[in-house]
Amino acid sequence: MKDNFAMATQEKKETEQTVVINGAEHNAADLSQEQVVWLSHVADLESKIRQIGFTLEQAHGGRNHFLGLLTASLEAKAEPEQKEASAE
């Protein structure tokens, strides 16, 4: 009998949608339409923040790569000039 109770409780929990805000769990069905809209905004903005962070990481990596290429090119160009100057 105890197993049936656990199963029924689990099934009930799977159908209820809840959201945790500032450490407090709220039943989504209890939210007003306005609160649902605000929650959607928050979720969308969190997604955008993650995407911006990912894009920023790519931009830093790309910048570092091209800066490395530029630095290596400038150093390679400077080496022959230094050899000519020391030969004179």
Among the candidates VAL20, VAL36, residue that is among the aliphatic types (A, V, I, L, M) and outside any helix (DSSP H, G or I): VAL20
From ALA78, ALA72, residue being out of contact with any Cys (no Cβ under 6 Å at 6 or more places or on another chain), in a helix (DSSP H, G or I), at pLDDT below 95 and surrounded by 10 or more Cβ atoms within 10 Å (Cβ to Cβ): ALA78
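The values are calculated or read from the model by the stated rules, or taken from the named source; none is laboratory data. Since the structure is predicted, the reported quantities are computational estimates derived from the model, not experimental observations. Methodologically, a virtual Cβ is constructed for each residue, glycine included, from the backbone with ideal geometry; neighbour enumeration extends over all protein chains shown.
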